[in-house]
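Trainee: Below you'll find the structure I mean.
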Amino acid sequence: MIAFQLLINALALGAAYALVALGFVLILNATGAVNFAQGDLVMAGGYVAIALAPLLPVPALLLLPLVLLVMAVLGLLLSALAYFPLLARPPSAVFISTIAVGIVLQNGANAIFGAAPRAAPPLLGAGDLALGGIVLSRQSVAIIAVASLLVLVQHLIISRTQFGRALRATAQDREMARAIGIGANAMIAASFALGAALAGAAGLLLANQFFVTPTAGSDLVVKAYIAVAIGGWGSLWGAVAGALLIAVFEVGVSSVLSYTAAAAGLYAALLAILVIRPQGFFGEAAQRRA
């Protein structure tokens, strides 16, 4: 019974981390550069939900579309400020610019909301669910359901729509995409918007149980980076698998041993994977990205 509860908690945390990692990979595929502001976008999404809650006193599930919209606009601003002006520069210039944007977001959140941890409203109300003698957190179950739906919708958009095909074509070969009439810059901006929206959704999902602070994004971007390294650079499903593995260590291993031991085990597993399979579980054998 306790093991099942831990499994649900791990799945909930892993599902939220998966949204962070998916947004990270989308921007990485589109630009070839790492967006180090991804964790701060998660933090921003949590604060957007907190800011909207007094204006719209409804469950957070009903706030989700607004959070997605606000964060998509923020993603477009990120592309306009931190990517497109640096197109002629080396990729290192882009990730430095995203670090700068992340610092701006951290300080802005600190100035507006303060440094104290804040919580967003629950997705469907507080309390627990009793299923056959097993008591589960209503919030954890809701996180799994909502995150799974968002991952599925994102997968369908990328794999089944003309827009998704244009995104994939731009990520694979930008110049060829331009040659066949695809607006590559528009697709890159859309990748930033979609990546930021997924990060914002993760922020809303995490901000009730785990709270949010202006500096919370620093830890989250590291986890997104680890998830992508484990799953494979450029692989969307690899990012999901990597995120779930992180959650298993953080929830499962830490409940048996300690959080310190779980963190040590995670990094040991990461090092082992990088040695045995540097491209990650689902990555490209050619290692086209670094």
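Trainee: Using amide H atoms built in the peptide plane, which far-off residues or other-chain residues are under 5 Å from Asp128 H to H?
Mentor: Amide H to amide H, under 5 Å and 5 or more residues apart or across chains, Asp128 pairs with Arg138.
Trainee: Right, next: With label points built 7 Å along Cα→Cβ from the Cα atoms of Val153 and Val104, find their separation and express it in nm.
Mentor: Placing both labels 7 Å along Cα→Cβ, they lie 2.8 nm apart.
Trainee: Okay, moving on. Please list 3J(HN,Hα) in residue order for segment 29-45, calculated via the Karplus relation 6.51 cos²θ - 1.76 cosθ + 1.60 where θ = phi - 60°; whole Hz, with x for glycine and proline.
Mentor: 5, 6, 10, x, 10, 7, 8, 7, 8, 4, x, 6, 5, 4, 4, 4, x
Trainee: While we're here: Quick check: residue separation of Ala261 and Ala186 times 0.36 nm, minus the Cα distance between them. What number comes out in nm?
Mentor: Details: separation 75, 0.36 × 75 = 27.00 nm, distance 4.46 nm.
Gain on extension, Ala261 to Ala186, equals 22.5 nm.
Trainee: Summing -39500 (n - 2.57) over the DSSP H runs of n ≥ 4 in the chain and dividing by its residue number, what mean residue ellipticity at 222 nm do you reach, to the nearest 500 deg cm²/dmol?
Mentor: -24000 deg cm²/dmol, from helical runs alone.
Trainee: So who's got an amide H within less than 5 Å of the one on Ser235, skipping anything under 5 residues away but keeping other chains? H placed 1.01 Å off N, in plane.
Mentor: For Ser235, whose amide H was placed from the backbone, there are no distant partners under 5 Å.
Trainee: With a 10 Å radius around each residue's Cβ, average the other Cβ atoms per peptide and rank 48-60, 225-237, highest first.
Mentor: 225-237, 48-60
Trainee: What's the ranking of 246-253, 265-272 by average number of surrounding C-beta atoms within 10 Å, highest first? Please report the intermediate quantities before stating the final value.
Mentor: Numbers: 246-253: 20.6, 265-272: 14.1.
Result, highest mean first: 246-253, 265-272.
Trainee: For the chain, modelled as a Gaussian network with Cα springs under 10 Å, which listed residue fluctuates most, Val25, Val222, Val101?
Mentor: Val222
Trainee: Hey, another quick one. Based on the mean of other beta carbon atoms within 10 Å per residue, what is the order of 195-207, 86-98, most packed first?
Mentor: Listed from highest to lowest mean packing, they are 195-207, 86-98.
Values quoted throughout were computed directly from the atomic coordinates according to the rules given, and no laboratory measurement underlies them. Please read all numbers here as calculations on a predicted model, not as lab measurements. When we count neighbours, we look across all protein chains shown, and the Cβ atoms used for this are built from the backbone with ideal geometry, even at glycine.
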